[in-house]
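Have a look at the structure below before the remarks.
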Amino acid sequence: MEEKAVTTFYQIKQQRSNLYLACLAAFICLMTIKLSYFVPTVLTMRTIYFFVKCLAAIITLKFIILDDFSAKIKLLVTGIIIIFYFLAKKSLDSNIFYYAILLIGAADVDFDKILKTYLLTVSISIFFILFSCLTQMIPEQIVARSSQLHISRLSLGFLTPTDLAARCFYLMAAYYAWRELLLKNWEKVVFLLFTLLIFTLTNARLDLLMMLLLWFIGFKPSWFKNLITKLEFRGLAILTAIYICLNVSLAYFYDPHSSWFRILDRLLSSRLSLGNIALHQHGVPWFGQYVAEHSNGGLRVPTNYFYVDSSYIRLLVISGVIITIIVLTIIFYLLWKFCQTKSYGLLAFLLLTLLSSAIDQHLVEVSYNIVLLAAFATVTAPKQPLTLYSPDSFNSFPLNYR
C-alpha cells in the first residue's frame, strides 16, 4: 500500500508542469471573463475570485510539494508570497500577488508550452466573449471620442474598446514570440488586416501603433536582430531605464500652462495630467496604498473620471517602491536572459510590452502580458536562430515553421 502511494506520488510529480499549465489556462480564462461584461451580468466577482484563489492555492502547493527545490528555498519563497499577500491587501490590488504566484509556479516549466497555453486560452476566451456579445448574452460599451463624435468605438463585450484592442495586441505579440518572428507571407497579410480591423472597431490609436510596430518587426526580422546585436544587453538596459524614467518624469513635471505639455497630453489621451495627479496628490509610498479610481469600465461613463493608465506610475503610486524595484529587477533580468539565449521573438515581446506599459496598465496582468513568467521558466535558444542577411538576399531568408 505504501509502495503504491509512493508510485502515485511520483507519477503526479512527473505531471507537475501539466498541472501548472492547466491552472494557468483556467486562471487566464477567469481573469479574461472578469474584465468583460460577464461580470456582473452572468457571474459575480465573488465567484470569479473564489476559483482564482483555489487555483493560486494549487499552484502554491505544487511548488511546495512537487517541485525539486530545497526546503530552505521553499520556505523563503513561501515567506515572499506571504509578504506579497499583505502588500496586495494594503493596496487592494491583487494583480501583483497572483502574478507572483504564477511566476514562482512557472519554475522549470518550458516557456514555449506557456506561450502555447496562453495563445489557445486567450483566443478561445476572446471568441467566447465576442460570441456572447453578438448573441446579446452580455452587453457592450459603445463610445465616441469627444473630438470624433461620428466614430463609434465598440468594446464587443469587454469593459472598454481599449481593453479589446490591448488584448489583441498582446495576443499578437505572443504569437510573434512563439513563431520566433518567422512568419509566412500569408500570416503577415492576415495580421496586417487584423490590425486594421481592430483599429476600425475600437479606434484605439496607441494600440494601433504598437501592433503596426510589431508587424514591421515581423516583416523584416533580420533588421530587428541586427539592432539587438549592436545594442546588446547593456544598450537595451540603458534605453529601457531612460524610457521608464522619462515616462514618469513627463507626468511628474507636467505643466498644464505649457502648450507643448498640453499637446502631448492630448495625444496620450490625458495620461500625463492623470499621472501628475496620481504622483502629486497620492505620493509614492514604500509598501503600497489604496487609490480610489473611476474608470470607463462600465456601461455608464463616470463624470469624475480618474484612472492611472501608465503601468510604471501605477507600480509606484499603488504598489509602492519595494514592489516596483522587484518588478524592474525581473524586467532587466529578462532582458539579459533573452540576450543570452538569443531569443529575439521574446525580446520583441518584452520590449513592445515595455513600450506599451507607458500607456496601459497591463504590465503585471497575466491575462494580458505573459512574458514576465519567463523569468523562472525554462527558455531555450531558438531551434533556428535569426541570421543576418543583406537586403538582396531577402528572398532566401530561412524560415523555421513549427
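The values are calculated or read from the model by the stated rules, or taken from the named source; none is laboratory data. Everything numeric in this text was worked out from a predicted model, so none of it was measured. Cβ: placed from backbone, ideal geometry, glycine included. Neighbour counts: every protein chain shown. Quick note on the areas: whole protein, heavy atoms, side chains included, nothing else; ligands and nucleic acids left out. Shrake-Rupley method; radii C 1.70, N 1.55, O 1.52, S 1.80 Å.
Points worth noting:
- Unit Cα scatterers, Debye sum, the stretch 178-240: log10 I(q)/I(0) for q = 0.17, 0.18, 0.24 Å⁻¹: -0.70, -0.76, -1.00
- Of the residues 280, 257, 294, the one that moves most in a GNM of the chain with alpha-carbon contacts below 10 Å is 257.
- Amide N of the stretch 14-48 lying under 14 Å from the label point, which is placed 7 angstrom from the Cα of residue 61 along Cα→Cβ: 19-20, 23
- Inter-label distance, residue 197 to residue 142: 2.0 nm, where each label sits 7 Å from its Cα along the C-beta direction.
- In nm, spacing of pseudo-spin labels at residue 321 and residue 281 (7 Å Cα→C-beta vector): 2.4 nm
- Accessible surface of the chain [probe 1.4 Å, protein heavy atoms]: carbon and sulfur percent: 67 percent
- For residue 287, the accessible surface of its heavy atoms amounts to roughly 120 Å² (probe 1.4 Å, protein chains only, rounded to the nearest 10).
- Using a Gaussian network model of the chain in which every pair of alpha carbons under 10 angstrom is joined by a spring, one finds that among 180, 140, 232 the greatest mean-square fluctuation is at 232.
- Alpha-carbon centroids, the stretch 26-98 and the stretch 312-360: separation in whole Å: 21 Å
- Net dipole in debye of the chain [+1 Lys, Arg Cβ; -1 Asp, Glu Cβ; about Cα centre; nearest 20]: 160 debye
- Between the residues 380, 321, 121, the greatest Cα displacement towards the positive end of the dipole of the chain, with unit charges on the Cβ of Lys, Arg, Asp and Glu, is found for 380.
- Counting heavy atoms of the protein chains alone, residue 188 has an accessible area of about 20 Å² for a 1.4 Å probe.
- Mean residue ellipticity, 222 nm, helices only, the chain: the sum of -39500 (n - 2.57) across DSSP H runs of n ≥ 4, divided by residue count and rounded to 500, is -20000 deg cm²/dmol.
- Simple spin-label estimate for residue 68 and residue 304 gives 5.7 nm between the two label positions (7 Å along the Cα-to-Cβ direction from each Cα).
- Only Cα sites of the chain enter the Debye sum here, all with the same form factor; the resulting log10 I(q)/I(0) across q = 0.11, 0.12, 0.14, 0.15 1/Å is -0.86, -1.04, -1.42, -1.62, listed in q order.
- Heavy-atom accessible area ranking, 1.4 Å probe, most first, across 153, 46: 46, 153
- Efficiency of FRET from Cβ geometry, residue 13 and residue 270, R₀ 41 Å, rounded to 0.05: 0.20
- Sorted largest first, the principal axis extents computed over the alpha-carbon atoms of the stretch 251-387 equal 53, 33, 33 Å.
- Candidates 207, 255, 360, ranked by Gaussian network fluctuation over the chain, Cα under 10 Å, top entry: 255
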